[in-house]
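Asker: Have a look at this one before I ask anything.
The values are calculated or read from the model by the stated rules, or taken from the named source; none is laboratory data. Quick caveat: nothing in here was measured; it's all calculated off a predicted structure. Every residue, glycine among them, receives a Cβ derived from its backbone with ideal geometry; neighbour counts consider all protein chains shown. Note: areas computed on protein heavy atoms with side chains; ligands, DNA, RNA excluded. Shrake-Rupley method; radii C 1.70, N 1.55, O 1.52, S 1.80 Å.
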Amino acid sequence: MSNSAASLVAIWCLVALITFNTGLIETRMEEVDSKYKSVEPHLTSTEKPKLEPHVDLKMGKCFHMSREHCPTETKCKRVDPVSVFCCDVDSTRLKEALAITVTQNTVNLHVLNATIEELDVSQSIFRRLTSMALTDGNIGRIVGQFPKYSSIACLNISNNNLSSATVGGPQPVQRPFAYLFTLSVLDASANNLTEFPLSLMQSNRKIFLDLSGNNYLPCKHFLIAMEANNSSLVTFLNYNRTFCALDLLFNWFTELQIVPIDHLRVQKEVNASCLKIRPAESRCSCAPDRLELLDGAVTNVVAVDCSRRHLQQMPTNLPPNTVKLNVSYNNITSLQAVSDDPSYEHLRNLLVDHNDITSIVDLEGTKFIDNFMVFSITNNKLKTIHTYVLSNRFDTTGPSFLIANNYIHCDCNTEKVLKPWLLENLKSIPDYKSLECEDNMGPVVDLKEFQVCHTPRDWTDYIYYIIGLEVLVLVLLISKVSYDYWVFKTAGYLPWPANKMPRLPCDWLCE
């Protein structure tokens, strides 16, 4: 009995203790609520209630307030039971103000014009937020990582002068967004970022990215994002105002260029077409070249590089609207594909230097010959230049025909036809002096007629001399007869040869 009574007394004591502590907790919560209420302005019964601005969470836009709604008495204020808006704060004031205004129900936060040397995003106060915006400020560095299982769906860090070097802590580099598994909108526009947040591509959720105003993000990072297996889940906001930097050695470009990311969409399509070039082992590289008016429509034209691919023949099935083709440093022997393959229809620039091509006659009648702007066939094995193939192409200024370091067979026709043609079109053939004759005969333009115009002699070569001699004898004979007749008439006697000649039966005709 004594043990039962002791147990009963212990239970009653425990119940009394729990009841007392519960009262204290309720009192503390009432004090906290009264403290929050003291921060908010009180309205008298005669004042007209002020309407708070409507908080609208739209796709692609986080919770955002304009400057005209900035709090006047404090640095932060509760806009509604779930949203907090702060203006013009530094690190210390932001931390103090958030400790007062943020409650367990707060899910939206916008901080306008914050000057923060280091923003530590690993603070637990950010865990329950679904929309977080720090805009139009100056954030020196973002350190740490958002807490695991954070609820942030929309993050706006636009216009804060951030660079990739300041997003993440010291080595080893931290990824601030690694644990934002519910993130669907990231606005990092109007900063100085130079690295694409590729870690966001590792999930299978739909995400909206605004990276406009970061002109030095590498294009190759955008291209990786666009070519990823889940690229259809990524939508770029402000698409037409988003640019990227082409690397110094990116495809055909030789200097840093800022281009719209739509250029990469075209690049993606071109890459797909590039894989269809035959032969498949050529592995040519393709790149959009420029916008051009083709067939009445503005079109992205394509440049294809198949140089140094050990090709034996011209590639076929080029991407649509290919205007440039480089097949230099191969073992190509014929240009027949330019005539046979319709994918060469729009070709304007053709580089076939350092190959084994012996003739350009395959190009006769092709669209390329009628429209080319650059045709370079230097260091090949041309034996002659068929000038009729090029016909009247050089009547207009613009096209360039490069033929240096070809050693052709030179004959009399070369000196009579090709040499004058080269000199006539020297403005369109800048290296005309470097077209040479085989057998060490020198440049074609230096050929002399006597060097190449030789034919075997026969008796007909002397016919003119014989005729000339006959004419001379006839003239002398006529002169002699005329002289003798003049002597006979004036002196009355015939010259000695005539006196010694016997009389003939027909002499009476002359008497």
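Asker: Spin-label point model (7 Å from Cα, Cβ direction): what's the E449 to Q123 distance in nm?
Answerer: Output for this residue pair reads 9.7 nm.
Asker: Next question, about the same structure. Contour minus end-to-end for N405 and V487, with contour as 0.36 nm per residue of separation and end-to-end as the Cα-Cα distance?
Answerer: On the way: separation 82, 0.36 × 82 = 29.52 nm, distance 7.63 nm.
Between N405 and V487, full extension yields 21.9 nm more.
Asker: Once you've got the Cα coordinates, tell me which of K383/K419; K381/K419; K367/K419; K77/K206 are over 21 Å apart.
Answerer: Numbers: K383/K419 14 Å; K381/K419 19 Å; K367/K419 26 Å; K77/K206 32 Å.
Flagged as over cut-off: K367/K419; K77/K206.
Asker: Considering only the other residues whose Cβ falls under 15 Å of the Cβ of E415, what net charge follows from Lys and Arg at +1 and Asp and Glu at -1?
Answerer: Values: positive: K416, K419, K448; negative: D411, E424, E436, E438, D439, D446, E449.
Neighbourhood net charge equals -4.
Asker: A further question follows. In whole Hz, what ³J(HN,Hα) sequence does the range 187-198 give by Karplus (6.51, -1.76, 1.60; θ = phi - 60°), x for Gly and Pro?
Answerer: 10, 10, 6, 6, 10, 10, 5, 10, 9, 7, x, 5
Asker: If packing is taken as the average number of other Cβ atoms within 10 Å across a peptide's residues, how do 313-322, 286-295 rank, most packed first?
Answerer: Details: 313-322: 20.5, 286-295: 15.5.
Per-residue mean Cβ counts within 10 Å order the peptides as 313-322, 286-295.
Asker: Using the Cα gyration tensor of the range 286-410, with a ≥ b ≥ c the square roots of its eigenvalues, what is the shape: rounded (a/c below 1.5), prolate (a/b larger than b/c) or oblate (neither)? Each step should come with its number before you reach the end.
Answerer: Details: a/c = 1.92, a/b = 1.32, b/c = 1.45.
Oblate shape, in that a/c is at least 1.5 and b/c is the bigger or equal ratio.
Asker: Can you give the accessible area of R67 in Å² (nearest 10), computed on protein heavy atoms with a 1.4 Å probe?
Answerer: Counting only protein heavy atoms, the figure is 120 Å².
Asker: What FRET efficiency do you get for K206 and L423 if R0 is 56 Å and r is their Cβ-Cβ distance, rounded to the nearest 0.05?
Answerer: On the way: r = 67 Å, r/R0 = 1.20.
Here the calculated transfer efficiency is 0.25.
Asker: Further question: Nearest 5 is fine: what % of DSSP beta bridges in the range 67-260 come out antiparallel, could you say?
Answerer: On the way: 8 of 39 bridges.
Expressed as a percentage, antiparallel bridges in the range 67-260 total about 20.
Asker: Still on this model: Label points 7 Å out from Cα along the Cβ direction at T115 and N138: separation in nm?
Answerer: 0.6 nm
Asker: Within a Cβ distance under 14 Å of I125, other residues only, what is the Lys/Arg minus Asp/Glu net charge?
Answerer: Values: positive: K95, R127, R128; negative: E96, D120.
So the surrounding residues net to +1.
Asker: Ok, one more. I need the calculated FRET efficiency for the pair Q104 and Y149, taking r as the beta carbon distance and R₀ as 22 Å, to the nearest 0.05. Display every interim value, and only then the final one.
Answerer: Details: r = 16 Å, r/R0 = 0.71.
It comes out at approximately 0.90.
Asker: For A303, what is the net charge nearby, where nearby means another residue's Cβ is under 12 Å from its Cβ and Lys, Arg count +1, Asp, Glu -1? Working shown, then result.
Answerer: Details: positive: R290, K324, R348; negative: D289, E292, D305.
It works out to a net charge of 0.
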